[in-house]
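*Asks:* Please read through the structure below; I'll follow up with questions.
The values are calculated or read from the model by the stated rules, or taken from the named source; none is laboratory data. Since the structure is predicted, the reported quantities are computational estimates derived from the model, not experimental observations. Positions of Cβ are generated from backbone atoms using ideal geometry, with glycine treated the same way; all protein chains shown enter the neighbour counts. With ligands, DNA and RNA removed, areas are computed over all heavy atoms of the protein, side chains included. Shrake-Rupley method; radii C 1.70, N 1.55, O 1.52, S 1.80 Å.
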Amino acid sequence: MERSRVTRESPTGTRILLASLSAMVAESVTFPIDLTKTRMQLHGAQRIGAIGVVSEIARKEGVIGLYKGLSPAIMRHLFYTPIRIIGYENLKGFVVRSEANSGESLPLATKALVGGFSGVIAQVVASPADLVKVRMQADGRLVSQGLKPRYSGPIEAFTKILQSEGVIGLWKGVLPNIQRAFLVNMGELACYDHAKHFVIDKKISEDNIYAHTLASIMSGLASTTLSCPADVVKTRMMNQGEKAVYRNSYECLAKTVKFEGIRALWKGFFPTWARLGPWQFVFWVSYEKFRQLAGMSSF
């Protein structure tokens, strides 16, 4: 009970700052893996592995090509991560108070719903930055083929999308984005929260880096398995320009399965997991450490 009380009373502004800093660190460290995953998902029916994609990027675009789209990715996380993390804590606190119950005794299903809802709110706000990130990552393929990229930077990308597709164009692919965000955060936040307290309560580890590592590994597997199909659909929907290949996310899902098979929905699973695992490890360890340094309770 004490842990829940201290967390709810921790300054919201401080938690937002610490979540943003931790997300920036995690995104910078793992971004090349995210780029690899995106390129694999955009290869369509062409089968190419993660190593092949990385080799192709390094050969044709240089090492700097592995960070194409990093700036909008960080910009996205300045909105997305604090909203979902602090939203989860505050919503869970609200449920705790409503049920007059202990935060640690909340059932996993309740935590999953709270996590999913927090992710939806965060993704709606951050969707424009996510769109720019995906477009810029996809542009790297045009450069490797000797073609001119659509955008020279995130500012130009925002401007051109607004001019050619309107304000609503910044939220293209928002539905599959929301679906993915719900599944990712349902798996990540609820699983990390539940797994960490399980590890601590069963005396497997104290509340330290070992508990955080075990919890982040479990949450990474859960969130990747749940979200990969929505992530594939989201990436393909958001990469569409004015000439749309898919009218909606359902058509994208149906065509992907029809022409590429059901396994295509988990295309990029291993690079996705390879990214989510390290991302969550770096983020959670950083966030927990920053909270400790700030004199706050753990998550």
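*Asks:* Which ³J(HN,Hα) values in Hz, rounded to whole numbers, follow from the phi angles of the stretch 190-206 under the Karplus curve 6.51 cos²θ - 1.76 cosθ + 1.60, where θ = phi - 60° and Gly and Pro get x?
*Replies:* Running phi through 6.51 cos²θ - 1.76 cosθ + 1.60 with θ = phi - 60° gives 5, 5, 4, 4, 5, 5, 5, 5, 5, 4, 6, 5, 8, 6, 5, 7, 7 Hz.
*Asks:* For residue 255, give me every one of the lysines with a C-alpha distance below 22 angstrom, ignoring sequence neighbours fewer than eight places off in its own chain.
*Replies:* Result set, ordered by chain and number: 37, 172, 234, 243, 267.
*Asks:* Report the extension gain between residue 148 and residue 209 in nm, rounded to one decimal, defined as 0.36 nm multiplied by the number of residues separating them, less their alpha carbon distance. Mind showing how you got there, number by number?
*Replies:* Working: separation 61, 0.36 × 61 = 21.96 nm, distance 4.55 nm.
That pair, residue 148 and residue 209, stretches by 17.4 nm at full extension.
*Asks:* Using packing as a proxy for protection, rank 11-17, 216-222, 184-190, 163-169 so that the peptide with the highest average count of other Cβ atoms within 10 Å comes first. Let's see the in-between values first.
*Replies:* On the way: 11-17: 14.0, 216-222: 21.7, 184-190: 27.0, 163-169: 11.3.
Top to bottom by mean Cβ count within 10 Å: 184-190, 216-222, 11-17, 163-169.
*Asks:* Under the 0.36 nm per residue contour assumption, what length would be gained going from the current alpha-carbon distance of residue 29 and residue 266 to full extension? All intermediate terms of the calculation are to be shown ahead of the outcome.
*Replies:* On the way: separation 237, 0.36 × 237 = 85.32 nm, distance 2.34 nm.
Between residue 29 and residue 266, full extension yields 83.0 nm more.
*Asks:* Something else: When the expected Rg is taken as 2.2 N^0.38 Å, what fraction or multiple of it is the alpha-carbon Rg of the stretch 215-299? Before the final figure, lay out each step's value.
*Replies:* Working: Rg = 17.3 Å, N = 85, 2.2 N^0.38 = 11.9 Å.
That works out to 1.46 for the stretch 215-299.
*Asks:* What do you reckon, how do 273, 279 stack up by accessible area (1.4 Å probe), largest on top? List each step's numbers first, then the result.
*Replies:* On the way: 273 90, 279 5 Å².
Accessible-area ranking of 273, 279, largest first: 273, 279.
*Asks:* Against the longest principal axis of the chain, how steep is helix 269-293, in degrees 0 to 90 to the nearest 10, with axes from Cα atoms?
*Replies:* For 269-293 against the chain, the angle is about 40 degrees.
*Asks:* Hey, another quick one. Would you work out the charge dipole size for the chain about its Cα centre, treating the Cβ of every Lys and Arg as +1 and the Cβ of every Asp and Glu as -1, and quote it to the nearest 20 debye? Can you show the working numbers first?
*Replies:* Working: 37 positive and 23 negative charges, 172 e Å.
Here the chain has a charge dipole of around 820 debye.
*Asks:* Going by alpha carbons, how many degrees (0 to 90, nearest 10) lie between the helix axis of 249-260 and the longest principal axis of the chain?
*Replies:* That helix lies at roughly 60 degrees to the long axis.
*Asks:* Continuing with the same structure: Could you state the angle between the C-alpha long axis of helix 12-41 and the longest principal axis of the C-alpha atoms of the chain, as a value from 0 to 90 degrees rounded to the nearest 10?
*Replies:* 40 degrees
*Asks:* Then there is this: Which residue, chosen from 295, 262, 177, occupies the Cα position most advanced towards the positive end of the dipole of the chain, where the dipole is computed from +1 (Lys, Arg) and -1 (Asp, Glu) charges on Cβ about the Cα centre?
*Replies:* 262
*Asks:* Can you give the calculated 222 nm mean residue ellipticity of the chain, where each DSSP H run of n ≥ 4 adds -39,500 (n - 2.57) and the sum is split over every residue, rounded to the nearest 500 deg cm²/dmol?
*Replies:* Values: 10 runs with 224 residues, N = 299.
Using -39500 (n - 2.57) per qualifying helix, the result is -26000 deg cm²/dmol.
*Asks:* Give the calculated FRET efficiency between residue 16 and residue 243 to the nearest 0.05, with a Förster radius of 51 Å applied to their Cβ-Cβ distance. Provide the component values of the computation, followed by the final result.
*Replies:* Working: r = 39 Å, r/R0 = 0.77.
Approximately 0.80, to the nearest 0.05.
*Asks:* Return the distance in nm (one decimal) between the two label points of a simple spin-label model at residue 125 and residue 202, each offset 7 Å from Cα along Cα→Cβ.
*Replies:* 3.5 nm
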